[in-house]
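Novice: One structure is given below, represented as structure tokens, and several questions about it will come after.
The values are calculated or read from the model by the stated rules, or taken from the named source; none is laboratory data. For clarity, every value in this text was computed on a predicted model and none was experimentally measured. Please note: Cβ atoms are built from the backbone with ideal geometry, for glycine as well, and neighbour counts cover all protein chains shown. Side chains are part of the model used for accessible areas, which takes the heavy atoms of the whole protein and leaves out ligands, DNA and RNA. Shrake-Rupley method; radii C 1.70, N 1.55, O 1.52, S 1.80 Å.
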Amino acid sequence: MGSAYTESMNIVKTDGPDRVRDALVERIWDRLSENAPVLFLASGGSTAPIAASVCQTLVARHPDDKAALRLLFAVTLADERFGPEGHNDSNWRRLLENGLDPRAVASFPVIKGRGESDDDLDASVRRFDSFLADAVGRHAAGDLFIAGLFGIGKGGFTAGILPESPIAVMPQGGGPFAASYKSALFTRITITPALFTHVDFAVAWASGTEKKADLSSIREAGPYSEKPARLIELARESIVFADREAAP
């Protein structure tokens, strides 16, 4: 299951999410301005408005050649709640409702089609894993920059990976890069711990006093399975932004 030693995890106190957006925009734009392809892993929940704003800002910076931007900049999810395409609890739907224009970037929603049966679930997972495996191959060849925006949920979960869930105990090496499991509320399709090691720039956002204890605990040593948010530190570079109520 692995152990994390996260005393060095960089937690930055900020007054609001604008600084989160700006950190991602500047890092991604540095790559896009050099015609270097980027994959952006977005999350739902409280980070959905930030993720959509990142995409909107980048589109606005690239006004003259939309076709070129679609070739260079791809957006998908770090996790999705399984169900019919566009269902009420869908993280992709939250991105769209917050202003993501799926025609302006190369969009890869995790769920396609009816999303009603175990066969549909298996097909969605295989499709997502294949997409991520291709991204990992391009990343290993130096042909892709991978950035991610993650939330930190109660108990220290992230990217839909709950503590001690079947995904949380998966190894950090090898593959697969996507998997699914049934939680109390949702059937979730998520990235796996193995993908975090291929992320170049991971940014997390936490807000509210209820997150203070979780941010304190993820800085302590312990298995990733106990506090999956510790997986963020596996990225080549990671920053956790917290508002003044959440910062430890």
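Novice: With a 1.4 Å probe and every protein chain left in place, work out the accessible area per residue of the range 32-147 in Å², rounded to a whole number.
Specialist: The answer is 44 Å² per residue.
Novice: Quick one: pull the percent of accessible area on the chain belonging to carbon and sulfur, 1.4 Å probe, ligands and nucleic acids left out.
Specialist: The C+S portion of the solvent-accessible surface of the chain is 48 percent.
Novice: Please list the non-local residues whose amide H lies under 5 Å from the amide H of Phe150, H modeled 1.01 Å from N, same-chain partners needing a gap of 5 or more.
Specialist: Under 5 Å from the amide H of Phe150: Val203, Ala204, Trp205.
Novice: How long is the gain from Asn10 to Glu26 if the chain were fully straight, where each residue apart is worth 0.36 nm and the alpha carbon distance is subtracted?
Specialist: Gain on extension, Asn10 to Glu26, equals 4.0 nm.
Novice: In whole Hz, with x marking every Gly and Pro, tabulate ³J(HN,Hα) for the range 131-142 from phi via Karplus 6.51 cos²θ - 1.76 cosθ + 1.60, θ = phi - 60°.
Specialist: 4, 5, 4, 5, 5, 5, x, 5, 4, 4, 7, x
Novice: Once you order the gyration tensor axes a ≥ b ≥ c over the Cα atoms, which shape class does the range 1-147 get: rounded for a/c under 1.5, otherwise prolate or oblate by comparing a/b with b/c?
Specialist: Since a/c stays below 1.5, the shape of the range 1-147 is classed as rounded.
Novice: P(r) of the range 135-248 in 5 Å steps, Cα pairs, percent per bin?
Specialist: P(r) over the range 135-248, rounded to whole percents: 2, 13, 22, 24, 19, 13, 5, 2, 0.
Novice: Using only the Cα atoms of the chain, build the gyration tensor, take square roots of its eigenvalues as a ≥ b ≥ c, and label the shape rounded, prolate or oblate: rounded if a/c is under 1.5, else prolate if a/b is larger than b/c, else oblate.
Specialist: Verdict is rounded for the chain.
Novice: Out of the range 215-248, which trypsin sites (Lys or Arg not before Pro) are coil in DSSP terms and have no more than 14 other C-beta atoms within 10 Å?
Specialist: Listed in order of number, the matching sites are Arg236, Arg244.
Novice: Let me ask something else. Separation of the range 95-160 and the range 229-243 by C-alpha centroid, Å?
Specialist: 19 Å
Novice: Next question. Rounded if a/c is under 1.5, else prolate if a/b beats b/c, else oblate: with a ≥ b ≥ c from the C-alpha gyration tensor eigenvalues square-rooted, which is the range 84-208?
Specialist: Taking the square roots of the gyration eigenvalues as a ≥ b ≥ c, the range 84-208 is rounded.
Novice: At 222 nm, what value in deg cm²/dmol follows for the chain if DSSP H runs of at least 4 each add -39500 (n - 2.57) and the sum is divided by all its residues, to the nearest 500?
Specialist: After summing the helix terms and dividing by residue count, I get -9500 deg cm²/dmol.
Novice: Considering Cα pairs under 8 angstrom that are at least six residues apart, work out the relative contact order of the range 192-248 and quote it in whole percent.
Specialist: Over the range 192-248, the number comes to 57 percent.
Novice: In the range 120-201, what trypsin sites (Lys or Arg not before Pro) fall in a loop by DSSP, with at most 16 other Cβ atoms inside 10 Å?
Specialist: Hits after loop and neighbour filter: Lys154.
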